[in-house]
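Derivation of every value follows stated rules applied to the coordinates shown; laboratory data play no part. Computed from a predicted structure; not experimentally measured. Cβ: placed from backbone, ideal geometry, glycine included. Neighbour counts: every protein chain shown.
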Amino acid sequence: MSNKIDFIKKWLPMPSDYALVSEDSERRNKRSVTIVRYQKNGVFSHNGPRIVEVIENKHLVSIKNLTEVPAGALFSKNQAKELAEEIFEETNSSYARGLSYIRMENQQRSFFDAQGKERSFPVQWIKFAHTNGSYNWVTLGGNGKIIEMEIDSHWDYFHGRRKTEMWDNDDWVLARSGNGPQLPSPNALA
């Protein structure tokens, strides 16, 4: 299973009331990518519930799934690691062969609901290194719900922050367009 359509159907079914908001072409790691955004009724809401996909050559390289607060408990460390490895394998099996597990952290993610209330929830961030020098991760919410997946993300050691563009982050995109403040480290420079 190497294309985004198969991945989405299996791991991230689209909410029935979500529709395409935008589809843009940009650069990520000096390569062309397509950024596709879905939100309720196809209406843009800054930092609202959303699904954002970043696609390079028909391969999903990043996804952010902030559609709801996931129900249920977080997985055990072993279950989470195994699920992350399966997700990488099904996203791009040839790329997945170069991955090695680094660590897992409990973190928080959030979005603003339709009433403008911030909704935060716990996640497991599972980080992997790749033989190409990048870092990669899967972020899982309750019951193993995929919140994020990203491959081929690079670090700017000189500036102490991410180097790869953050097209799935609304505040970074705003800063990139000159309409918002630069995000602090470890976020990428806009």
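Quick notes on this one:
- Each Lys and Arg adds +1 at its Cβ and each Asp and Glu adds -1 at its Cβ; summed about the Cα centre, the stretch 1-124 shows a dipole of about 280 debye.
- Note, ³J(HN,Hα) from phi for the stretch 102-109, Karplus 6.51, -1.76, 1.60, rounded to Hz, x at Gly and Pro: 10, 6, 10, 10, 8, 9, 10, 10
- Compactness of the stretch 104-145 is given as radius of gyration and Dmax, 13.5, 44 Å, from Cα positions.
- Close amide H contacts of residue 149 (hydrogens built in the peptide plane, cut-off under 5 Å, sequence separation of 5 or more or a different chain): 63, 139.
- 3J(HN,Hα) along the stretch 82-88: 5, 5, 4, 5, 5, 5, 4 Hz, from the Karplus curve 6.51 cos²θ - 1.76 cosθ + 1.60 with θ = phi - 60°, whole Hz, x for Gly and Pro.
- Start at zero, step by 10 Å, and the Cα-Cα distances of the stretch 4-176 spread as 10, 39, 40, 12, 0 percent across the bins.
- Lysines with Cα under 17 Å of residue 10, excluding same-chain neighbours fewer than 8 positions away: 58, 64, 145
- Counted charge near residue 77, where neighbours are those whose Cβ lies closer than 14 Å (Asp, Glu -1; Lys, Arg +1): 0
- Potential lengthening between residue 107 and residue 163 on full extension [0.36 nm per residue; Cα-Cα distance subtracted]: 18.0 nm
- Each Lys or Arg adds one and each Asp or Glu subtracts one; over the other residues with Cβ under 12 Å from the Cβ of residue 163, this totals +1.
- In percent, rounded to a whole number, the relative contact order of the chain is 17, using alpha-carbon pairs under 8 Å and six or more apart.
- Summing Lys and Arg as +1 and Asp and Glu as -1 over all other residues whose Cβ lies under 12 Å from the Cβ of residue 184 gives a net charge of +1.
- From phi via Karplus (6.51, -1.76, 1.60), per-residue ³J(HN,Hα) for the stretch 55-61 in Hz, x at Gly/Pro: 10, 10, 6, 6, 10, 6, 9
- Order by protection proxy (mean Cβ within 10 Å, highest first), peptides 87-94, 30-37: 87-94, 30-37
- Under 5 Å, built H, 5+ apart or other chain: amide partners of residue 180: 175
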